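Novice: Here it is, the structure in full.
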Amino acid sequence: MTKTRQKLPPMGLGLKIFSTILFVVVGSLVLAFLLLNPLALPFLPGHHAGVAKAAPSPGSMPVQEEQAQLYQCPMHPEVIESAPGNCPICNMELTPLEPTGSRPAQARRQSPPAAGERRILYWYAPMDPTYVRDEPGLSPMGMKLVPKYADQAGGGGDTIKIDPVQAQNMGVVSVAATQGEISRTVRTVGILDFNADLISWVNTKFSGWIEKVDVAYVGEKVRKGQTLFEIYSPELVTTQDEYLRALEYAASLRTSGRPEALKQAESLLRSTRDRLLYWDITENQIQSLETRRTTQRRIPISSPVDGVVTEIMDQALEGMFVQPGMNLYKIADMSSIWVHADIYESDLPWVRTGQPAEVSFPYDPENVFAGRILFLYPEVSQETRTLKICVEVPNKTRDLRAGMYADVLIKGPAIHDAVLIPNSAVLRTGERDLVFVDLGEGNFQPREVELGLRGEGDVVQVRAGVVPGEKIVTQGQFMMDSESRVQEAIAQFRERRSGKGMGGSTGVKKSQTAPAGTGH
């Protein structure tokens, strides 16, 4: 019986089969990698520049996307157009936006967010919020772009929404508007001057020669009734003689029994006496003349007030011939003194005639003089844009002198039940005043306000636009203003793109209406 041996496949055949299977598996993996990996797309056959072929998925057709070129104004970054042209604001030529990267559009497409993941709308530059991109990267200033999430979109109208973490990074601080009393203290400097109401000029109403001078220097203190000088006047001597004769004639007729003649003599006596009084001859001097019964050659001229001699017509008055009405002495009563101070136009609402004022001096700040505003001058200085006021200050000790510098403090009248916010919270655009109201949960609303008076420190009155209790942003409002502008620019750009997709004209320009919250 013959046994047949079963033939086994040779060892080399098994290796060939294994290699073939391995090659097929590896090739399939490589092909799948090339089809699914966007970085390998340029190496695929049939790939053309600017066109990316997406790998087909079950139940879907291949998607082909082009990267749209946008154009922006160099001077107004919020002006974004999909076609070249000129800026509707400044008429400058629009420039193409820089490409956001060398990766194809398919690579920049965002995949749908996973469950619980925040959806990103766009990326923008933190220092220039109008620089918007569809993917992360760097701004023209080299700063990292910041994402704008879908849950940060505005809640309607002009309201903007900012993530609390981003608001903290921006340094946003809010305080509540209050209702209370507002006042202001005006501080300025002034120069002391003589009280114009207490200045007296010494002159004569008759001509003559000054023969003796008793007060000859500026700065001398004089008392009321003190003799300043003695004058010889021929008119005055003649009138004295007439008065003495009229006096003797009237005395002789009182016992004559002639009433008509006595009446005429007394009339002449009164007219001569009145003439002496009109020439400022005092009652005492007339009585002295009646007692002496002789004329006086030199008549003394006395000071009409207590004060200080501030001016003399000539240092050598003795021997001078004077005419009627010639001012010889200027005497200032120093019982009170004036302070001329300058205040700015912005302080005018706090300054009124009759208000109390405090006057002090740098060399003695603890000694404070209480005065009052006497009047306000009618004209503002064209050089300094200030208004001069006059403060009257009592000078009982006569220590205050004209020409001294003084510190003036004026406390303005208080305004009660005023709505108050920090002045630093107001954005002034030139046409209107804006504040950002903190609505809570990251919502902020730009609001136009009507301002009143500015008080002491950083407080300003609000007449309309804000009610007590509303929280007002005091720090970070400039970043919010930029956020409001960029949201407005993007919204308008999307509206134009939406209108184009529905058959609208591609030549629609951006409205020149200022973005919400800016007023620019």
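Novice: Residue check, residue 428 against (1) at pLDDT below 90; (2) more than 30 Å from residue 148 (Cβ to Cβ); (3) loosely packed, with under 15 Cβ neighbours inside 10 Å, all met but one. Which one?
Specialist: (2)
Novice: When the residues of region 181-228 are narrowed to those that are among the acidic types (Asp, Glu) and surrounded by 14 or more Cβ atoms within 10 Å (Cβ to Cβ), which ends up nearest to residue 339 (Cα to Cα)?
Specialist: 193
Novice: Going residue by residue through region 131-153, is there one that turns out to be more than 30 Å from residue 412 (Cα to Cα), surrounded by 12 or more Cβ atoms within 10 Å (Cβ to Cβ) and at pLDDT below 60?
Specialist: For region 131-153, residues more than 30 Å from residue 412 (Cα to Cα), surrounded by 12 or more Cβ atoms within 10 Å (Cβ to Cβ) and at pLDDT below 60: present.
Novice: Follow-up. Condition (residue is aliphatic (A, V, I, L, M) and within 16 Å of residue 329 (Cα to Cα)) applied to region 231-239: is it met by at least one residue? Break it down into steps so the answer makes sense when it comes.
Specialist: The initial filter retains those residues of region 231-239 that are aliphatic (A, V, I, L, M), namely 231, 236-237.
Add one more test, that the residue is within 16 Å of residue 329 (Cα to Cα), and what stays is 231.
Checking region 231-239: at least one residue is aliphatic (A, V, I, L, M) and within 16 Å of residue 329 (Cα to Cα).
Novice: When residues of region 396-448 are filtered for being of a type in the set (S, T, N, Q) and assigned to a strand (DSSP E or B), how many remain?
Specialist: Number satisfying all stated conditions: 2.
Novice: Criterion first (outside the structural domain of residue 237 (by TED's automatic domain parsing), surrounded by fewer than 11 Cβ atoms within 10 Å (Cβ to Cβ) and at pLDDT 90 or above) does residue 356 satisfy it?
Specialist: no
Novice: Now for a different question. Going by what's in this entry, would residue 312 be described as within 29 Å of residue 198 (Cα to Cα) and either among the basic types (Lys, Arg) or within 60 Å of the chain's Cα centre (by Cα) (or both)? It would help to see each step written out before you state the result.
Specialist: Values: within 29 Å of residue 198 (Cα to Cα): yes; either among the basic types (Lys, Arg) or within 60 Å of the chain's Cα centre (by Cα) (or both): yes.
Yes.
Novice: Would you tally the residues in region 251-286 being under 25 Å from residue 204 (Cα atoms) and either part of a helix (DSSP H, G or I) or aliphatic (A, V, I, L, M) (or both)?
Specialist: Qualifying residue count, region 251-286: 16.
Novice: For region 377-406, give me each residue that is surrounded by 12 or more Cβ atoms within 10 Å (Cβ to Cβ) and within 23 Å of the chain's Cα centre (by Cα).
Specialist: Step one: list which residues in region 377-406 are surrounded by 12 or more Cβ atoms within 10 Å (Cβ to Cβ), which gives 377, 380, 386-395, 398-402, 404-406.
Within region 377-406, 380, 386, 387, 388, 389 meet the criteria.
Novice: Restricting to region 160-177, and then to whatever is at pLDDT 80 or above and surrounded by 14 or more Cβ atoms within 10 Å (Cβ to Cβ), can you tell me which residue is farthest from residue 441 (Cα to Cα)?
Specialist: Looking at residues that are at pLDDT 80 or above and surrounded by 14 or more Cβ atoms within 10 Å (Cβ to Cβ), I get 177.
Okay, residues lined up against (1) in contact with a Leu (Cβ under 6 Å, 6 or more places away or on another chain); (2) at pLDDT below 85:
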position: 362; (1), (2): no, no
position: 367; (1), (2): no, no
position: 375; (1), (2): no, no
position: 388; (1), (2): no, no
position: 398; (1), (2): no, no
position: 409; (1), (2): no, no
position: 414; (1), (2): no, yes
position: 433; (1), (2): yes, yes
position: 440; (1), (2): no, yes
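Novice: While we're here: Is at least one residue of region 249-260 touching a residue at least 40 places away in the same chain (Cβ under 8 Å) and surrounded by fewer than 18 Cβ atoms within 10 Å (Cβ to Cβ)?
Specialist: no
Novice: Would you please name the residue that is nearest to residue 300 (Cα to Cα), looking only at residues in region 229-246 that are crowded, with 19+ Cβ neighbours inside 10 Å and aliphatic (A, V, I, L, M)?
Specialist: Only one residue tops the list, namely 231.
Novice: Name the single residue, out of those in region 307-319 being crowded, with 17+ Cβ neighbours inside 10 Å and modelled with pLDDT of 85 or more, that is nearest to residue 232 (Cα to Cα).
Specialist: 312
Novice: Any idea which residue in region 275-301 is surrounded by the fewest Cβ atoms within 10 Å (Cβ to Cβ), counting only those that are more than 13 Å from residue 236 (Cα to Cα) and free of Cβ contacts under 8 Å to residues at least 12 places away in the same chain?
Specialist: Among those that are more than 13 Å from residue 236 (Cα to Cα) and free of Cβ contacts under 8 Å to residues at least 12 places away in the same chain, it is 291.
The values are calculated or read from the model by the stated rules, or taken from the named source; none is laboratory data. Here the structure is a predicted model, which means the values were calculated and not measured. As a convention, Cβ positions derive from the backbone with ideal geometry for all residues, glycine included, and neighbour counts pool all protein chains shown.
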